[in-house]
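Peer 1: To start, I am sharing the structure in question, which I have written as structure tokens.
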Amino acid sequence: MAWLLAQFAGLACAELQENIRSTYYSAEHRAGTTLLATLNHHSPIRQNSQIFHAYTGWNIQWNFRWWEERDGRCRITSNQTRLQVEITLPRLVTSDPAVRRRFDRYLGALRAHEMEHVAIGRRYARRIDEGIRRLPQMTSCAALSRAANTLGEKLLQEAVAAEREMDRQTAHGARPHLLVVAGEGHALIDQPLD
């Protein structure tokens, strides 16, 4: 029994906390205007001269603790990783039921695409958490801290690259289900209503 307790004492304790928040911007639709024009006009999300109808931003933070032996060797004893996510989506104001139905289908596709961004943040938060917990004992706590932070920063860079690649492969969501970048098609929302 003492052997088993000694084995568990060497394992780092982990904690991954996640907070996902949605915010909305109002988009008032006027008769005779396409849904695309309405969303383009009201969207606050603009990057590199492009208008987007939705955006997901996330932040990963980690906080580890260590134990220093008498000889200076150091090991991770616990780690807490936090994933903070904010998803920005449109909220349509309209009295037209046909426009509402079209928007609701589009919003579902927007959400699905944004949840892909959340999944990337979540996957990399877990990788950071697990990677820090699994760091081997090192010759000093300074070396251990550098290794943990270097690992976290490297994985953050990989996460950003993974998001860019996902957006590139899906044309910001156009494949397989919709196009999120304004002005590049929008078959679902740029057609006149019958």
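The values are calculated or read from the model by the stated rules, or taken from the named source; none is laboratory data. Keep in mind that what you see is a predicted model, and the values were worked out from it rather than measured. Virtual Cβ from ideal backbone geometry, glycine too; neighbours counted across all protein chains shown. Just the protein is used for accessible areas: all its heavy atoms, side chains included, with ligands, DNA and RNA removed. Shrake-Rupley method; radii C 1.70, N 1.55, O 1.52, S 1.80 Å.
Peer 1: As a test of reading the structure, rank THR56, THR150, THR33 by solvent-accessible area (1.4 Å probe, protein chains only), most first.
Peer 2: THR150, THR33, THR56
Peer 1: Right, something else. Modelled label-to-label distance, VAL160 and GLN47, 7 Å Cα→beta-carbon offset: nm?
Peer 2: 1.1 nm
Peer 1: Listed highest first by mean packing, meaning other Cβ atoms within 10 Å per residue, what order do 120-126, 86-92, 71-77 come in?
Peer 2: 120-126, 86-92, 71-77
Peer 1: Here's a follow-up. Between ARG105 and THR33, with labels modelled 7 Å along Cα→Cβ, what's the label distance in nm to one decimal, could you check?
Peer 2: According to this spin-label approximation, the distance is 2.2 nm.
Peer 1: May I ask you to rank THR139, THR170 by accessible area, largest first, using a 1.4 Å probe over the protein chains only?
Peer 2: Sorted descending by solvent-accessible area, the residues read THR139, THR170.
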